[in-house]
1. For the range 28-51, name all the residues that are over 19 Å from GLU66 (Cβ atoms) and within 13 Å of the chain's Cα centre (by Cα).
2. Can you find a residue that is surrounded by 12 or more Cβ atoms within 10 Å (Cβ to Cβ), among the aliphatic types (A, V, I, L, M), outside any loop (DSSP other than H, G, I, E, B) and modelled with pLDDT under 85 anywhere in the range 12-32?
3. Evaluate the range 44-55: report whether one residue or more is touching an Asp or Glu at 6+ places or on another chain (Cβ under 6 Å), part of a strand (DSSP E or B), among the polar types (S, T, N, Q) and at pLDDT below 75.
4. Which of the residues that make up the range 56-84 are in contact with a Leu (Cβ under 7 Å, 6 or more places away or on another chain) and farther than 13 Å from ARG44 by Cα?
5. Based on this model, can you work out whether GLY84 counts as over 12 Å from the mean Cα position of the chain (by Cα), of a type outside the set (D, E, K, R) and either part of a helix (DSSP H, G or I) or on the phi > 0 side of the Ramachandran plot (or both)?
6. Here is a list: CYS96, CYS100. Which entry is part of a strand (DSSP E or B), at pLDDT below 95 and of a type outside the set (S, T, N, Q)?
7. Can you say whether ARG68 is touching a Lys or Arg at 6+ places or on another chain (Cβ under 6 Å), part of a strand (DSSP E or B) and not small (Gly, Ala, Ser), as far as the supplied structure shows?
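The values are calculated or read from the model by the stated rules, or taken from the named source; none is laboratory data. Bear in mind that the values here come from a model prediction, so they are computed numbers and not experimental data. Please note: Cβ atoms are built from the backbone with ideal geometry, for glycine as well, and neighbour counts cover all protein chains shown.
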Amino acid sequence: MEQIDAGGSTTVAASTSEDSSLDPIARVRKLLFRQMLVGIKDGRFFLGSFHCIDKQGNIILQDTVEYRSIRRSSPSPTEQRCLGMILIPASCRTSCHVDCSIEEQLSLIQLKE
(Lines give C-alpha, C1' and ligand atoms only; values in the text may rest on other atoms or scores of the structure.)
Protein backbone atom coordinates (compact mmCIF):
# COMPACT_ATOMS: atom_id res chain seq x y z
CA MET A 1 0.00 0.00 0.00
CA GLU A 2 1.21 3.46 -0.85
CA GLN A 3 0.18 6.30 1.42
CA ILE A 4 -0.56 9.89 0.39
CA ASP A 5 -0.24 12.46 3.17
CA ALA A 6 -2.52 15.47 3.71
CA GLY A 7 -0.38 17.64 1.42
CA GLY A 8 -0.91 15.25 -1.47
CA SER A 9 2.66 13.92 -1.56
CA THR A 10 3.31 10.18 -1.52
CA THR A 11 5.41 8.78 1.29
CA VAL A 12 6.82 5.29 1.72
CA ALA A 13 9.81 4.11 3.72
CA ALA A 14 12.20 2.57 1.13
CA SER A 15 13.57 3.43 -2.30
CA THR A 16 14.31 1.88 -5.66
CA SER A 17 16.64 3.44 -8.20
CA GLU A 18 14.21 2.77 -11.07
CA ASP A 19 11.34 5.11 -10.07
CA SER A 20 12.92 7.49 -7.54
CA SER A 21 13.50 9.98 -10.35
CA LEU A 22 9.78 10.12 -11.36
CA ASP A 23 8.20 13.53 -11.02
CA PRO A 24 5.02 13.87 -8.90
CA ILE A 25 2.75 13.99 -11.97
CA ALA A 26 4.09 10.68 -13.27
CA ARG A 27 3.67 9.11 -9.82
CA VAL A 28 0.03 10.27 -9.61
CA ARG A 29 -0.66 8.97 -13.14
CA LYS A 30 0.40 5.51 -11.95
CA LEU A 31 -2.35 5.70 -9.32
CA LEU A 32 -5.17 6.58 -11.73
CA PHE A 33 -8.19 4.24 -11.63
CA ARG A 34 -6.75 2.16 -8.80
CA GLN A 35 -8.85 1.28 -5.77
CA MET A 36 -8.20 3.83 -3.02
CA LEU A 37 -9.34 3.75 0.61
CA VAL A 38 -9.60 7.21 2.19
CA GLY A 39 -10.33 7.82 5.88
CA ILE A 40 -11.74 11.12 7.14
CA LYS A 41 -11.82 12.84 10.54
CA ASP A 42 -15.32 11.73 11.56
CA GLY A 43 -14.35 8.04 11.29
CA ARG A 44 -15.90 7.23 7.92
CA PHE A 45 -14.00 5.51 5.12
CA PHE A 46 -14.53 5.80 1.39
CA LEU A 47 -13.48 3.08 -1.05
CA GLY A 48 -13.48 4.07 -4.70
CA SER A 49 -11.54 4.34 -7.91
CA PHE A 50 -8.98 7.18 -7.83
CA HIS A 51 -9.98 9.78 -10.43
CA CYS A 52 -7.83 12.86 -9.67
CA ILE A 53 -6.13 15.06 -7.09
CA ASP A 54 -5.73 18.84 -7.28
CA LYS A 55 -2.94 21.17 -6.10
CA GLN A 56 -4.63 21.57 -2.72
CA GLY A 57 -4.69 17.79 -2.17
CA ASN A 58 -8.44 17.30 -2.63
CA ILE A 59 -9.18 13.82 -3.99
CA ILE A 60 -11.98 12.77 -6.33
CA LEU A 61 -13.07 9.12 -6.21
CA GLN A 62 -15.57 7.51 -8.56
CA ASP A 63 -17.84 4.48 -7.97
CA THR A 64 -17.39 5.13 -4.26
CA VAL A 65 -18.80 3.20 -1.32
CA GLU A 66 -18.99 4.86 2.12
CA TYR A 67 -18.33 2.74 5.22
CA ARG A 68 -19.21 3.98 8.70
CA SER A 69 -19.35 2.23 12.03
CA ILE A 70 -22.64 2.02 13.85
CA ARG A 71 -22.81 2.13 17.61
CA ARG A 72 -25.98 0.08 18.14
CA SER A 73 -25.96 -3.68 18.37
CA SER A 74 -26.38 -5.26 14.99
CA PRO A 75 -25.04 -8.28 13.06
CA SER A 76 -22.72 -6.00 11.08
CA PRO A 77 -20.59 -3.38 12.88
CA THR A 78 -20.49 -1.13 9.81
CA GLU A 79 -23.01 0.35 7.42
CA GLN A 80 -22.28 0.97 3.78
CA ARG A 81 -23.91 2.98 1.03
CA CYS A 82 -23.06 3.63 -2.61
CA LEU A 83 -22.28 7.26 -3.41
CA GLY A 84 -20.88 7.42 -6.95
CA MET A 85 -18.39 10.25 -7.57
CA ILE A 86 -17.28 12.27 -4.54
CA LEU A 87 -14.74 14.94 -3.61
CA ILE A 88 -12.83 14.49 -0.36
CA PRO A 89 -11.26 17.74 0.90
CA ALA A 90 -7.65 17.50 2.03
CA SER A 91 -8.59 19.18 5.31
CA CYS A 92 -10.90 16.25 6.21
CA ARG A 93 -8.59 13.41 5.17
CA THR A 94 -6.74 11.38 7.81
CA SER A 95 -5.47 8.44 5.73
CA CYS A 96 -5.21 7.34 2.13
CA HIS A 97 -4.19 3.90 0.86
CA VAL A 98 -3.88 2.55 -2.68
CA ASP A 99 -4.33 -1.13 -3.44
CA CYS A 100 -1.57 -2.65 -5.59
CA SER A 101 0.53 -5.80 -6.00
CA ILE A 102 3.92 -6.30 -4.36
CA GLU A 103 5.70 -5.64 -7.67
CA GLU A 104 3.81 -2.38 -8.11
CA GLN A 105 4.55 -1.40 -4.50
CA LEU A 106 8.26 -1.86 -5.15
CA SER A 107 8.07 0.25 -8.32
CA LEU A 108 6.17 3.06 -6.55
CA ILE A 109 8.33 3.21 -3.42
CA GLN A 110 10.34 6.37 -2.88
CA LEU A 111 12.76 7.33 -0.12
CA LYS A 112 11.27 9.79 2.37
CA GLU A 113 13.91 12.38 3.27
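1. Let us first name the residues in the range 28-51 that are over 19 Å from GLU66 (Cβ atoms), namely 28-33.
Selection gives VAL28, LYS30, LEU31, LEU32, PHE33.
2. no
3. No, the range 44-55 contains no residue that is touching an Asp or Glu at 6+ places or on another chain (Cβ under 6 Å), part of a strand (DSSP E or B), among the polar types (S, T, N, Q) and at pLDDT below 75.
4. Of everything in the range 56-84, those that are in contact with a Leu (Cβ under 7 Å, 6 or more places away or on another chain) and farther than 13 Å from ARG44 by Cα turn out to be ASN58, ILE60.
5. Working: over 12 Å from the mean Cα position of the chain (by Cα): yes; of a type outside the set (D, E, K, R): yes; either part of a helix (DSSP H, G or I) or on the phi > 0 side of the Ramachandran plot (or both): yes.
Considered against the rule, which asks whether it is over 12 Å from the mean Cα position of the chain (by Cα), of a type outside the set (D, E, K, R) and either part of a helix (DSSP H, G or I) or on the phi > 0 side of the Ramachandran plot (or both), GLY84 comes out as yes.
6. Details: CYS100 fails: part of a strand (DSSP E or B).
Testing whether each residue is part of a strand (DSSP E or B), at pLDDT below 95 and of a type outside the set (S, T, N, Q) leaves just CYS96.
7. On the way: touching a Lys or Arg at 6+ places or on another chain (Cβ under 6 Å): yes; part of a strand (DSSP E or B): yes; not small (Gly, Ala, Ser): yes.
Taking the combined requirement at face value, the residue satisfies it.
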